[in-house]
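A.B. asks: I have a structure here, written as structure tokens, and I will follow up with some questions on it.
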Amino acid sequence: MVEKEIAHYNSLPYEFEDFMDEPKLSDGVICLKLETKHPADPEKDWVPMYEFGIYAGDERVGDCRLRIGYSEGMYYSGQIGYAVDETHRGKGYALRACRLLAKVAKHHKMVKLLITNDDGNIASYRVCEKLGAKFIRKAELPTWHDMYEEGHRHMNIFEWDLRQQ
């Protein structure tokens, strides 16, 4: 079952010729500032990735990532990752950041994004629900995955359909 799901996601369309120069991403409450562009690393099964700082005004309140493309590893780690500093949690910044990242994903012709989180991460689970992402499954991490080595064992897998945005 999981193998079929991974094959399905790996067959989804996307275009990546190069990174966007400096995407302007703001919703009037937060803005995302591009910090790093990571090229693909096929040996590690890593796809290209953008890293942004999340800013409320001039203050950096967290960070987020967007991975472009699909791979077996992305099924478990997802295309979007985010972290909001503890003192700034509860203000909806992760939700807003995800919506802004969708613009970059659409630029690369992506139609669906996977967002994953640990069982105990209720706040991240709620972000997925508020985005309208569909819960796919609780997946056991394979031992070869980087996150397994970090101590993670299971991930909630959500699918966010960008065509509905």
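The values are calculated or read from the model by the stated rules, or taken from the named source; none is laboratory data. From a predicted model like this one, the values you see are computed outputs, not experimental measurements. As a convention, Cβ positions derive from the backbone with ideal geometry for all residues, glycine included, and neighbour counts pool all protein chains shown. These accessible areas exclude ligands, DNA and RNA; they are computed on the full protein's heavy atoms, side chains included. Shrake-Rupley method; radii C 1.70, N 1.55, O 1.52, S 1.80 Å.
A.B. asks: For residues in the range 39-55 being surrounded by 14 or more Cβ atoms within 10 Å (Cβ to Cβ) and in a loop (DSSP other than H, G, I, E, B), which is modelled with the lowest pLDDT? Spell out the reasoning first.
C.D. replies: Keep residues of the range 39-55 that are surrounded by 14 or more Cβ atoms within 10 Å (Cβ to Cβ), which gives 40, 45-55.
Then drop every residue that is not in a loop (DSSP other than H, G, I, E, B), which leaves 40, 45, 47-48.
On the way: Ala40: 94, Asp45: 83, Val47: 95, Pro48: 97.
If we take residues in the range 39-55 being surrounded by 14 or more Cβ atoms within 10 Å (Cβ to Cβ) and in a loop (DSSP other than H, G, I, E, B), then Asp45 is modelled with the lowest pLDDT.
A.B. asks: Mind listing whichever residues of the range 71-92 are farther than 21 Å from Ile6 by Cα, open to solvent by less than 30 Å² (accessible area, probe 1.4 Å) and not aliphatic (A, V, I, L, M)?
C.D. replies: Pass one, the range 71-92, residues farther than 21 Å from Ile6 by Cα: 82-92.
Restricting the remaining residues to those that are open to solvent by less than 30 Å² (accessible area, probe 1.4 Å) gives 84, 88.
Scanning the range 71-92 gives a single hit, His88.
A.B. asks: Which pairs do you get when a residue that is open to solvent by 30 Å² or more (accessible area, probe 1.4 Å), found in the range 18-38, comes within reach of a residue that is acidic (Asp, Glu) and at pLDDT 95 or above, reach meaning Cβ atoms under 6 angstrom, with the pair 6+ apart or on two chains?
C.D. replies: Short answer, once both residue conditions are applied: Glu35/Glu51; Thr36/Glu51.
A.B. asks: On to the next question. Do any helices (runs of 4 or more DSSP H) lying entirely in the range 56-165 carry at least 2 residues that are modelled with pLDDT of 95 or more and out of contact with any Pro (no Cβ under 7 Å at 6 or more places or on another chain), and which ones are they? Working first, answer last.
C.D. replies: Numbers: elements: 72-77, 93-107, 122-131, 146-149.
Once the helices (runs of 4 or more DSSP H) in the range 56-165 are filtered for at least 2 residues that are modelled with pLDDT of 95 or more and out of contact with any Pro (no Cβ under 7 Å at 6 or more places or on another chain), what remains is 93-107, 122-131.
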